[in-house]
Amino acid sequence: MPTMSLEEWREDQGLTVSKIADKLGLSISYTSEILRGERVPSIDIQLRVEKATRGAVVMETLRMARQGMD
């Protein structure tokens, strides 16, 4: 199942960076760095992203980790 990037999801939902940061329990600046691709979030944060977006966003490193478990 194809997923979208967190930035695409944010835009699709009409949410601000601040709202996304609140949903994830992160600072606005850290969230902004993730959205711009300047930071690779930890697996814990990637799981938060997946949960907050109801599976619409699954970050690549989390996807790769899951494939390694198969």
Worksheet entry | Peptides 41-54, 5-18 ordered by average Cβ neighbours within 10 Å, highest first | 41-54, 5-18
Response to the item:
In order over the range 20-34: 3J(HN,Hα) from phi, Karplus 6.51/-1.76/1.60, θ = phi - 60°, whole Hz, x for each Gly or Pro, gives 5, 4, 4, 4, 8, x, 10, 6, 5, 5, 5, 4, 4, 5, 5
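Every number in this text was worked out from the coordinates using simple rules, so none of it is lab data. Please read all numbers here as calculations on a predicted model, not as lab measurements. Using ideal geometry, Cβ is built from the backbone for each residue, glycine included, and neighbour counts are taken over all protein chains shown.
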